[in-house]
Amino acid sequence: TDLAALDDAMSGGRVVAYLGFDATASSLHVGSLLQIMLLRHFQRAGHKPIVLVGGGTTKVGDPSGKDASRQLLDEEAIASNIEGISRVFGRFLTFGEGPTDALLVNNDAWLSPLSYLAFLRDYGRHFTINRMLSFESVKQRLARESPLSFLEFNYMILQAYDFLELHRRHGATLQFGGSDQWGNIISGVELGRRADGAQLFGLTAPLVTTADGKKMGKTAAGAVWLNEDLLSPYEYWQFWRNTADADVGRFLRFFTELPQDEVEKLEALRGAQINDAKVVLANEATRMLHGEACLAEIQATAASLFATGGGG
């Protein structure tokens with residue numbers, strides 16, 4: 001939204017931005033990694049990232065991109081999932097008390113105490129059903145004739161309110177998200193303007209797909225989890241090692257911090273040599289998530305399997 005004004009704001013000083021993750025599982029998967037990398041680059045550029053975990057919004061369930069309602073979780077399951085998904089952020093971001101150090105906040109802190117009637121009176125008037133029905137995530141769900149509950153329909157309002165609260169509490173002026181979150185993000189930008197006269201921004205990234213058009217983050221064996229109790233460092237490394245030839249250059253840009261000239265050299269490799277680029281991709285991605293120490297054992301395992309015809 002308003003890229004010229006956002007560019008001016010980021011060029012002129014420190015910007016505070018946030019990205020939200022609902023606690024629908026005990027770990028994030030590779031499909032969330034591009035968003036995490038956005039926060040990482042944002043912090044390295046001198047700005048302040050906020051990781052918002054959805055202890056409150058998980059109780060409702062985001063309908064974006066879904067054909068059916070999400071399974072509702074109890075508070076114990078949500079708390080357990082928050083603990084699980086929160087482990088990964090410290091691998092990519094620096095947390096602390098400094099001006100650009102990351103914050104981890106839970107929207108349950110302000111959503112659960114809300115008074116329903118007061119909330120409707122104060123904020124419901126800023127939303128129109130006409131506008132909410134115009135967003136693609138809602139239109140797609142209705143076009144598929146899939147039931148959209150009133151509970152889920154409220155998700156957009158709650159996510160918009162998150163943006164307003166984070167602006168008031170922490171000075172956040174930018175929300176990151178996947179392209180499927182565009183309608184929710186726009187709702188937050190508009191609520192900030194109407195309620196507080198604030199200039200807020202949204203910036204989305206496309207959902208990553210592989211060269212064959214499949215959604216990234218899942219394989220035939222299941223989700224590619226980021227937590228090692230669900231997917232071992234070796235299995236994570238192997239996922240990247242098995243990247244399709246056509247995806248190598250793009251994934252090196254997205255998921256590593258190699259210099260551009262090195263990426264160009266690696267993606268130019270042809271034939272069997274492209275496997276060398278895949279090993280670099282696997283090493284860099286695994287090092288960032290699981291650390292340097294595991295790489296020697298992973299490479300020894302891969303070499304042994306390759307020698308015996310078992311893969312690698």
Within the range 80-95, can you find the residues that are out of contact with any helix residue (DSSP H, G or I) (no Cβ under 9 Å at 6 or more places or on another chain), over 15 Å from residue 19 (Cα atoms) and open to solvent by 30 Å² or more (accessible area, probe 1.4 Å)?
80, 83, 87
Residues that are modelled with pLDDT under 90, out of contact with any helix residue (DSSP H, G or I) (no Cβ under 9 Å at 6 or more places or on another chain) and under 30 Å from residue 156 (Cβ atoms): does the range 184-202 have at least one?
no
Selection count where residues are at pLDDT 80 or above and not hydroxyl-bearing (Ser, Thr, Tyr), scope the range 122-140:
9
Test residue 248 against the criterion of being of a type in the set (A, V, I, L, M) and under 23 Å from the mean Cα position of the chain (by Cα), and give yes or no.
yes
Does at least one position in the range 169-182 carry a residue that is more than 22 Å from residue 40 (Cβ to Cβ) and of a type outside the set (Phe, Trp, Tyr)?
yes
Scan the range 185-211 residue by residue and report those that are surrounded by 20 or more Cβ atoms within 10 Å (Cβ to Cβ), in a loop (DSSP other than H, G, I, E, B) and of a type in the set (Gly, Ala, Ser).
none
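For (1) at pLDDT 90 or above; (2) acidic (Asp, Glu); (3) touching a helix residue (DSSP H, G or I) at 6+ places or on another chain (Cβ under 6 Å), each residue gets a yes or a no:
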{"residue": "222", "(1), (2), (3)": "no, no, no"}
{"residue": "228", "(1), (2), (3)": "yes, yes, no"}
{"residue": "246", "(1), (2), (3)": "yes, no, no"}
{"residue": "252", "(1), (2), (3)": "yes, no, yes"}
{"residue": "259", "(1), (2), (3)": "yes, no, no"}
{"residue": "278", "(1), (2), (3)": "yes, no, yes"}
Please find, within the range 124-179, the residue that is surrounded by the most Cβ atoms within 10 Å (Cβ to Cβ) out of those that are among the aromatic types (Phe, Trp, Tyr) and in contact with a strand residue (DSSP E or B) (Cβ under 9 Å, 6 or more places away or on another chain).
163
Residue in the range 150-173 that is more than 20 Å from residue 195 (Cα to Cα) and in a loop (DSSP other than H, G, I, E, B) present:
no
Please pick out the residue among 46, 61 that is in contact with a strand residue (DSSP E or B) (Cβ under 9 Å, 6 or more places away or on another chain), in contact (Cβ under 8 Å) with a residue 40 or more places away in the chain and of a type in the set (Gly, Ala, Ser).
61
Criterion (touching a strand residue (DSSP E or B) at 6+ places or on another chain (Cβ under 6 Å), of a type in the set (A, V, I, L, M) and open to solvent by 40 Å² or more (accessible area, probe 1.4 Å)) met by exactly one of 38, 34, 19:
38
Between 240, 225, 182, which is open to solvent by 30 Å² or more (accessible area, probe 1.4 Å), touching a Leu at 6+ places or on another chain (Cβ under 6 Å) and not small (Gly, Ala, Ser)?
225
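Table: residues versus (1) in contact with a Ser or Thr (Cβ under 7 Å, 6 or more places away or on another chain); (2) more than 28 Å from residue 19 (Cβ to Cβ); (3) not in a loop (DSSP other than H, G, I, E, B).
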| site | (1), (2), (3) |
| --- | --- |
| 213 | no, no, no |
| 238 | no, no, yes |
| 251 | yes, no, yes |
| 257 | no, no, no |
| 264 | no, yes, yes |
| 274 | no, yes, yes |
| 280 | no, no, yes |
| 284 | yes, no, yes |
| 301 | no, yes, yes |
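The values are calculated or read from the model by the stated rules, or taken from the named source; none is laboratory data. Predicted, not measured: the structure shown is a model, and the values here were computed from it. Every residue, glycine as well, gets a Cβ built from its backbone with ideal geometry; the counts of neighbours run over all protein chains shown. Protein only, heavy atoms only, side chains kept; ligands, DNA and RNA dropped before computing areas. Shrake-Rupley method; radii C 1.70, N 1.55, O 1.52, S 1.80 Å.
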